[in-house]
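This report concerns only the one structure given below.
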Amino acid sequence: MANLKDIKNRIQSVESTKKITRAMKMVAAAKVKRAENSVKTARPYTKELVHMFQKLLNSVNEYTNETLKIKYAIDDYPELLQTREVKSVGVVVITSNKGLAGAYNANVVRETLKRLKDYKEKNIDVKLFVIGQKGISALRKKCATIGFPIEKKYFSAINEPSAMEAREIAEDLAEYFVDKRIDKIEIVTTRFKNMMSYFVEDWQVLPVVGVVDVHDRINDHILEPLMEFIPDKHHILQKIVPMYMTNIFYHALLEAQASELASRMTAMSAATTNAEKMIHELSIEYNKTRQTAITQEIIEVVSGANSQMG
């Protein structure tokens, strides 16, 4: 009978787990819908902002900060738009603060380690800026072993992505870039596809891609529309560059949050289904064990009665 009790306790334990996973699935499902709407709303804006920014840069032949008031590194657009020999890269890694999201964090960490090993082979230094407790925990020892310790950690940015949090990260990276501690900025994040899938991607923030050199424009006879700048192109670029960097980081956070929630919803759905299957199997085992125990008792009673009659 002790075996029956063990099986019954196991069924109750799995039932409790199923209630938790079902609740987590429902919470993730409610949140991922809002996150999906935020991503879909942000994508057209980001696309047009990047396109406009690239066109603006293609219309400007020189950068100068002589007439500019520079308070923060992110305002120093002439330095931020410099293309230098890449000796050091600032890699921003976006993970979650919570687990139970399937392979979401593991996939991001795997892509990050792959990038780090590639840079290590090219003798390029890497400075890591990690967002999310899971990424920090997973990368702390592994990256130190490779020789690229974590430079800065961010915990709250992924919980509720905001332009303010994105601006803070962008300012940190801009300061490193202007001080020439890094020559390139990239983000390892995920792109939300739908409720069931996402892609791990690597986004390059600086140097800006898609910009045509002035000599290439002349040689290839590329005609750009005439652009007028009011008050002047340098003040406009000083406003656009921080906007561009902040929006890229903000958009990356939105994509990552939606991917994480979708992954958690899928994982909790699978866990709930597995719990139901396990309960069904345990119930069958319980009934079989119970039937065996009853049959054994009947046999013992009948055997005892026969022996007394004999």
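Across region 235-272, the qualifying residues are those that are touching a residue at least 40 places away in the same chain (Cβ under 8 Å) and among the charged types (D, E, K, R), and the one among them that is farthest from Ala163 (Cα to Cα) is Arg264. Looking at the structure I just gave you, is Asp202 under 13 Å from the mean Cα position of the chain (by Cα) and in contact (Cβ under 8 Å) with a residue 40 or more places away in the chain? Yes; evaluated as a whole, the condition is true for this residue.
Scanning region 173-230 for residues that are surrounded by fewer than 16 Cβ atoms within 10 Å (Cβ to Cβ), hydrophobic (A, V, I, L, M, F, W, C) and modelled with pLDDT of 70 or more gives Met196, Phe199, Val209, Ile230.
Please go through region 107-132 and pick out each residue that is under 16 Å from Thr189 (Cβ atoms) and out of contact with any strand residue (DSSP E or B) (no Cβ under 9 Å at 6 or more places or on another chain).
Residues satisfying the conditions are Leu113, Lys114.
Going by what's in this entry, would Lys18 be described as more than 13 Å from Met278 (Cα to Cα) and surrounded by 15 or more Cβ atoms within 10 Å (Cβ to Cβ)? For Lys18, the condition - more than 13 Å from Met278 (Cα to Cα) and surrounded by 15 or more Cβ atoms within 10 Å (Cβ to Cβ) - is not met. Counting the residues of region 130-164 that are under 15 Å from the mean Cα position of the chain (by Cα) and not in a loop (DSSP other than H, G, I, E, B) gives 11.
Only one of these is within 26 Å of Lys180 (Cα to Cα) and in contact (Cβ under 8 Å) with a residue 24 or more places away in the chain: Asp76, Asp118. Name it. One residue alone meets the criteria, Asp76. Scan region 171-181 and tell me whether some residue there is part of a helix (DSSP H, G or I), under 29 Å from Ala262 (Cα atoms) and in contact with a Lys or Arg (Cβ under 8 Å, 6 or more places away or on another chain). No, the conditions are met nowhere in region 171-181. Look at region 273-301: where a residue is closer than 19 Å to Asn9 by Cβ and a partner is at pLDDT 80 or above and among the acidic types (Asp, Glu), sitting 6+ places away or on another chain with Cβ atoms under 9 Å, you get Ala275/Glu15; Ile279/Glu15. Screening Ser13 on (1) buried (at least 17 other Cβ atoms within 10 Å of the Cβ); (2) small (Gly, Ala, Ser); (3) over 20 Å from Leu253 (Cβ atoms) shows it passes everything except condition (1).
The values are calculated or read from the model by the stated rules, or taken from the named source; none is laboratory data. In this text the structure is predicted, and so the values were computed from the model without any measurement. Cβ: placed from backbone, ideal geometry, glycine included. Neighbour counts: every protein chain shown.
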